[in-house]
Amino acid sequence: MFTLVLMGASSILIGLLPTYAVAGIIAPTLLVFLRFMQGFALGGEATGVQVLVVEHAPTAHRGLYGGILATGSPLAQTFASLTLTGLAMFLSKEDFASWGWRVPFLMGVLLLVVGVFIRRRIEETPAFKENQKKAAESAVPQERALAVIAKKPGTVIKLVLSWAASAGLFCVSVTYAVNYLTKELGYDNSITFGLLLIGQPGLHPGRSAGRTPE
């Protein structure tokens with residue numbers, strides 16, 4: 001629930017950020033901070049929900065359930081690109097730069113409400129309950145995340161670096177590319193988001209990214 005609310009709140013707050021003209025350096029600083037909060041929330045939510053779904057799934061269909069879950073993030077990114085493309089087509093450049101880009105982030109209110117409603121009605125998996133029971137009966141303390149990092153720092157670093165290349169390429173492609181295509185190459189916003197929409201399947205490494213104008 002914490003990661004879900006953190007992701008939703010960060011997205012909504014991005015949609016409410018002041019502009020550089022109003023707040024100066026505080027505006028981009030807050031944007032970077034909120035993007036870090038989104039990434040922090042995604043790291044916990046993506047892994048946790050995968051375990052939750054697979055453990056709830058019938059044993060013979062865990063692969064299918066896990067595969068369906070894996071399509072959620074690229075589908076969400078596709079719908080986001082469609083929304084931005086539509087807004088860019090019907091709004092002037094001035095209106096899009098002023099408030100149009102905020103719409104997808106503010107729509108996160110609806111997703112947050114629905115997500116919390118669903119999450120409050122999901123029970124822990126039988127496997128999790130069994131582990132809790134065993135932990136309560138055992139005298140051995142349960143290891144926490146910091147203990148894992150302290151004992152296996154090399155493994156943790158390797159795992160982070162193994163994912164950094166694809167995730168970094170994706171973020172650069174869908175964030176910096178927007179400004180580069182519009183500001184440097186002179187493409188219209190609708191064309192820019194349309195190109196990103198077409199390239200989405202090849203770029204997506206399994207995570208989402210928001211986009212804001214320069």
Test Thr155 against the criterion of being of a type outside the set (A, V, I, L, M, F, W, C) and either within 20 Å of the chain's Cα centre (by Cα) or modelled with pLDDT under 85 (or both), and give yes or no. no
With respect to Leu185, is the statement that it is open to solvent by 100 Å² or more (accessible area, probe 1.4 Å) and out of contact with any helix residue (DSSP H, G or I) (no Cβ under 6 Å at 6 or more places or on another chain) true? no
Tell me, yes or no, whether region 167-186 has at least one residue that is more than 30 Å from Leu87 (Cβ to Cβ), of a type in the set (A, V, I, L, M) and at pLDDT below 85. no
When you scan region 188-203, how many residues do you find that are crowded, with 16+ Cβ neighbours inside 10 Å and of a type in the set (Gly, Ala, Ser)? 2
Single residue of Ile198, Ile157 found to be under 30 Å from Ala88 (Cβ atoms) and without any contact (Cβ under 8 Å) to a residue 24 or more places away in the chain: Ile198
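Kindly indicate whether any position in region 15-26 is touching a Ser or Thr at 6+ places or on another chain (Cβ under 7 Å) and either open to solvent by less than 70 Å² (accessible area, probe 1.4 Å) or modelled with pLDDT of 85 or more (or both).
Kept after step one, since they are touching a Ser or Thr at 6+ places or on another chain (Cβ under 7 Å), are these residues of region 15-26: none.
So far as region 15-26 goes, no, none of its residues is touching a Ser or Thr at 6+ places or on another chain (Cβ under 7 Å) and either open to solvent by less than 70 Å² (accessible area, probe 1.4 Å) or modelled with pLDDT of 85 or more (or both).
Residues are listed down the side, and each one gets a yes or a no for (1) in contact (Cβ under 8 Å) with a residue 40 or more places away in the chain; (2) outside any helix (DSSP H, G or I); (3) open to solvent by 60 Å² or more (accessible area, probe 1.4 Å); (4) touching a Leu at 6+ places or on another chain (Cβ under 6 Å):
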| site | (1), (2), (3), (4) |
| --- | --- |
| Val109 | yes, no, yes, no |
| Phe117 | no, no, yes, no |
| Gln132 | no, no, yes, no |
| Ala136 | no, no, yes, no |
| Ala167 | yes, no, no, no |
Check off (1) within 22 Å of the chain's Cα centre (by Cα); (2) under 27 Å from Arg62 (Cβ atoms); (3) open to solvent by 80 Å² or more (accessible area, probe 1.4 Å); (4) not aromatic (Phe, Trp, Tyr) for Leu161 and give me the number that stays unchecked. (2)
The residue from Ala57, Ala76 that alone is open to solvent by less than 30 Å² (accessible area, probe 1.4 Å) and within 30 Å of Pro126 (Cβ to Cβ) is Ala57
Flag if Asn179 is touching a Lys or Arg at 6+ places or on another chain (Cβ under 7 Å) and open to solvent by less than 50 Å² (accessible area, probe 1.4 Å): no
Of (1) without any contact (Cβ under 8 Å) to a residue 24 or more places away in the chain; (2) closer than 29 Å to Val54 by Cβ, Ser98 satisfies all except one. Which? (2)
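Return yes when Gln38 is in contact (Cβ under 8 Å) with a residue 12 or more places away in the chain, surrounded by fewer than 16 Cβ atoms within 10 Å (Cβ to Cβ) and not in a loop (DSSP other than H, G, I, E, B) and no when it is not.
Values: in contact (Cβ under 8 Å) with a residue 12 or more places away in the chain: yes; surrounded by fewer than 16 Cβ atoms within 10 Å (Cβ to Cβ): no; not in a loop (DSSP other than H, G, I, E, B): yes.
So Gln38 does not fit the description; no.
The values are calculated or read from the model by the stated rules, or taken from the named source; none is laboratory data. Given the structure is predicted, the values throughout are model-derived calculations rather than measurements. Glycine also receives a Cβ, built like all others from the backbone with ideal geometry; neighbour counts cover every protein chain displayed. Just the protein is used for accessible areas: all its heavy atoms, side chains included, with ligands, DNA and RNA removed. Shrake-Rupley method; radii C 1.70, N 1.55, O 1.52, S 1.80 Å.
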